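Input: a single structure, listed below in structure tokens.
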Amino acid sequence: MKGDFKILWNNCLNVIRDNITEAAFNTWFAPIIPLNYKDNVLTVQVPSQFFYEYLEEKYLDLIQQTLYREIGEGTILNYRVLIETETNTTVELRGETKAQSGDKNFTKKIAVKVPNPFERVETPEFDSQINSKYTFNNFFEGESNRLARTAAEAVAENPAKTAFNPLFVYGNSGVGKTHLCHAIGSKILDRYPEKKVLYISAHLFKVQFTDARRFNTINDFINFYQGIDVLIIDDIQELSGLEKTQNTFFHIFNHLHQNNKQLVMTSDCAPMDMLGMEERLLTRFRWGLTTSLERPDKELRKKILKHKVLSDGLSISNEVIDYIAENVTDNVRDLEGVIVSLMAHSIINDRDIDMNLARRVMEQTIKFEKKRITVQKIQDTVCNFFNIKKELVHSASRKREIVQARQVIMYFTKKHTELSLSQIGAQVGNRNHSTVLHACNAVKDLVEVDKGFRANIEEIERLLNS
């Protein structure tokens, strides 16, 4: 190993800084974190997939030449892309390399590695992807979550030996679904260390499946998942509209269930409201217990706030806690965010956390808070606005008012979610991606020429964000 990897990377940064503007350096290179250097490969962490792609597109030559100059010919840069901040889930991507030929033309070669957990089976320790900071001890009970919490503890005590298999938990973003998943996994690992417990998001599952198809390793992929004792999949709704991925998960589900393995799934909606999902899967989702996590009531919000204040070593009066609990009502994540903001303001301004500071921070939070807009909310809002039943939007009806409502739903779904065109189509009566694209363009065009229609779109936007 040629010296400390942090020193090596800092040497590279000094060269890069001299060759680009200060603004570009601060934007694209300052956030990079060096992680390791081994076998001629320097691994660094970058904040997002877009970050990685931009660096490779705009600064490939500069990066490669700098690595060769400061570390050595043939040095490879390996990117670790943070794709889920809550669970620290990462994807590793190998930087492109350019080899110069005699006529000074360059050829490109890229090696992309998506970490498939089935490759880890041969390693001494199985990586469960469980975040141990989320436990039942800090998942506080209230009316809004009592059934889900009780069922989750029962599953953790006796995985696959209760009637709660699968356990399907649904609710809006920020109400504690992911926390509950990790709490289940942590307790099972404590009680049954010999079991293979895996937490994974549906997003990462579909990434791994796509990678397995690309490299013809589907059998390895399926064999790995069929060897899991407790499979916990977060945000299962992200498989909507993905027929091949759903088909593979169907067979994995059947194998695990038939072999008395525990399945836990979460979603932003109940199975009965899930669109773009095969009926045979939805039937299996309902085999065990389906339960919801609701918005926390005021007493539960106060419990959560008091624990957060205590764990952060803060001094906040009951009056301030009551004020926050009264005004931040949507989810746990917002509550914790307010406490973090209060702590930051208190430290930076060297002042106590009192009602005046709380009101100021709350005004900023409420003003700038961007609420998550779901497909279900979009459909409900648009259908209510146009006074049309939701089932008609999903039907084959070609009536003008129904077609227009359907197109508006597609338009707002594309604008406010990260679903692909095919997935959007699956949510609105199984339309294909070209229909969705046409609908979005039709809405945009009509907004430009029809003042009345534009006013309707603006009002629906206001309702979605209210």
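The values are calculated or read from the model by the stated rules, or taken from the named source; none is laboratory data. This is a predicted model, so every value here is computed, not measured. Backbone-built Cβ (ideal geometry, glycine too); neighbour counts: all protein chains shown. Side chains included, ligands, DNA and RNA excluded: accessible areas come from the protein's heavy atoms. Shrake-Rupley method; radii C 1.70, N 1.55, O 1.52, S 1.80 Å.
Observations on the model:
- A Cβ distance below 9 Å, combined with a sequence gap of six or more or placement on separate chains, defines the contacts here; from the range 52-75, residues that are among the β-branched types (Val, Ile, Thr) reach residues that are open to solvent by 80 Å² or more (accessible area, probe 1.4 Å) in the pairs 66/19; 71/2.
- Test for residue 125: is it at pLDDT below 90, more than 20 Å from residue 285 (Cβ to Cβ) and either out of contact with any Ser or Thr (no Cβ under 6 Å at 6 or more places or on another chain) or open to solvent by 50 Å² or more (accessible area, probe 1.4 Å) (or both): yes
- Filtered residue count, the range 162-180, keeping only those that are within 16 Å of residue 256 (Cβ to Cβ) and in contact (Cβ under 8 Å) with a residue 12 or more places away in the chain: 5
- Matching residues in the range 341-368 - criterion: being surrounded by fewer than 13 Cβ atoms within 10 Å (Cβ to Cβ), at pLDDT 75 or above and of a type in the set (A, V, I, L, M, F, W, C): 344, 355
- Residue match in the range 198-217 (condition: surrounded by 21 or more Cβ atoms within 10 Å (Cβ to Cβ) and either of a type in the set (Lys, Arg) or assigned to a loop (DSSP other than H, G, I, E, B) (or both)): no
- Hits in the range 408-445 - residues which are touching a His at 6+ places or on another chain (Cβ under 9 Å), buried (at least 20 other Cβ atoms within 10 Å of the Cβ) and not in a helix (DSSP H, G or I): 428
- Reported count of residues in the range 227-258, each being in a helix (DSSP H, G or I), touching a strand residue (DSSP E or B) at 6+ places or on another chain (Cβ under 8 Å) and either without any contact (Cβ under 8 Å) to a residue 12 or more places away in the chain or open to solvent by 10 Å² or more (accessible area, probe 1.4 Å) (or both), is 3.
- Annotation: residue 307 fulfils all but one of (1) part of a loop (DSSP other than H, G, I, E, B); (2) over 22 Å from the mean Cα position of the chain (by Cα); (3) closer than 27 Å to residue 201 by Cβ; the unmet one is (1).
- Flag for residue 175 being of a type in the set (A, V, I, L, M) and either open to solvent by 10 Å² or more (accessible area, probe 1.4 Å) or under 18 Å from the mean Cα position of the chain (by Cα) (or both): yes
- So residue 205, is it within 18 Å of the chain's Cα centre (by Cα) and without any contact (Cβ under 8 Å) to a residue 60 or more places away in the chain: yes
- When residue 77 is tested against (1) at pLDDT 85 or above; (2) loosely packed, with under 13 Cβ neighbours inside 10 Å, just one condition goes unmet, and that condition is (2).
- Within the range 270-328, considering residues that are closer than 23 Å to residue 163 by Cβ and polar (S, T, N, Q), the one surrounded by the fewest Cβ atoms within 10 Å (Cβ to Cβ): 283
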